[in-house]
1. If we only count strands (runs of 3 or more DSSP E) wholly inside the stretch 1-91, which ones have 3 or more residues that are touching a helix residue (DSSP H, G or I) at 6+ places or on another chain (Cβ under 7 Å), within 24 Å of residue 360 (Cβ to Cβ) and modelled with pLDDT of 95 or more?
2. Taking the stretch 208-235 on its own, how many of its residues are surrounded by fewer than 21 Cβ atoms within 10 Å (Cβ to Cβ) and more than 25 Å from residue 300 (Cβ to Cβ)?
3. If you go through the stretch 276-289 one residue at a time, do you hit one that is farther than 16 Å from residue 50 by Cβ, at pLDDT 95 or above and over 16 Å from the mean Cα position of the chain (by Cα)?
4. Give me the pairs, please: first residue somewhere in the stretch 244-271 and at positive phi and surrounded by fewer than 24 Cβ atoms within 10 Å (Cβ to Cβ), second residue anywhere and modelled with pLDDT under 95 and not in a loop (DSSP other than H, G, I, E, B), beta-carbon distance under 7 Å, and either six or more positions apart or on two chains.
5. Can you find a residue in the stretch 88-111 that is on the phi > 0 side of the Ramachandran plot and more than 24 Å from the chain's Cα centre (by Cα)?
């Protein structure tokens, strides 16, 4: 049994494509079996919605009169990167305002940063701008203050260097002190376990070998249409896997791009993380074309099939230690309580499974109504046998 993407797209065009989410397909297979279901299903949709710090947006403000070569700029008091061209800027999702401190540990404290700025842009809010320049003959203007909305500027596109982790750590804290991390507040003596993954709905866990997801894959991004444009930074596909071929660590990542003017603020949310700073919570959904039975089998994984490493964040950099306390499946994590030894530990997701489900359902609806067609990757992403490995900093430092 095999199908081509062209054949699936023709069925989408005719309104005859059979589409299920990665959650729905589990029950379908229980009733009909792998072989029967694989013959009739054309697409399985996935989704994830969680903080993705390696995110940002490029803007082109348009030229002023007289022209200005912007060398420093702040949007809503968030400093943005200007070392590109005269009026091109890059907003980093984790950049905080000048008045905020990333080390603020006051309960209930709220920090504003790049992620919130991107959300406000997409929501059509008016953005304050302050810019400086050293001035040249060609670009004589040295200062600019004013405001704009996303519809006033030439270009605005999301470009995220590392999104959509294939799997991720479960964070605990064995120390006697409360810890403030990018995975949230960790209570002493393993008082909680925080995790960040949609599990069985997560895009890269439904195509773990990148057979259908590659450079040029069309995706749901922030409520609009985007594309996979490169392997994400820290892409590390060659790690350990379980007996079903599911990665047991962070593994793969994606670099993604899309038109910010198409996106919606409910799927790009500025996020304030106590004691860490700010981030951007991003909604991503990826369709998996069912081109053969093997790819279909991979989309049928359940939360019980997926193991994540439990890591002690009381160590300075747990990733460097290689110490994993245990592994736990996502069905147990989503139950609300896990056990390490004899200790029962409450779990807390910092990603939203409910929103991931909405994304997968939205993408399903787009496909069923002929509003979204599948693409062939123009190039493959490095897979488990590519030899690509994550490298630590190799330079000298002190």
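1. 19-21, 43-45
2. Number of matching residues: 10.
3. Yes, the conditions are met somewhere in the stretch 276-289.
4. From the stretch 244-271, no pairs qualify.
5. Filtering the stretch 88-111 for residues on the phi > 0 side of the Ramachandran plot gives 108.
Then drop every residue that is not more than 24 Å from the chain's Cα centre (by Cα), which leaves 108.
Yes - at least one qualifying residue is present in the stretch 88-111.
The values are calculated or read from the model by the stated rules, or taken from the named source; none is laboratory data. Values in this document were obtained by computation on a predicted structure and should not be read as measured data. Every residue, glycine as well, gets a Cβ built from its backbone with ideal geometry; the counts of neighbours run over all protein chains shown.
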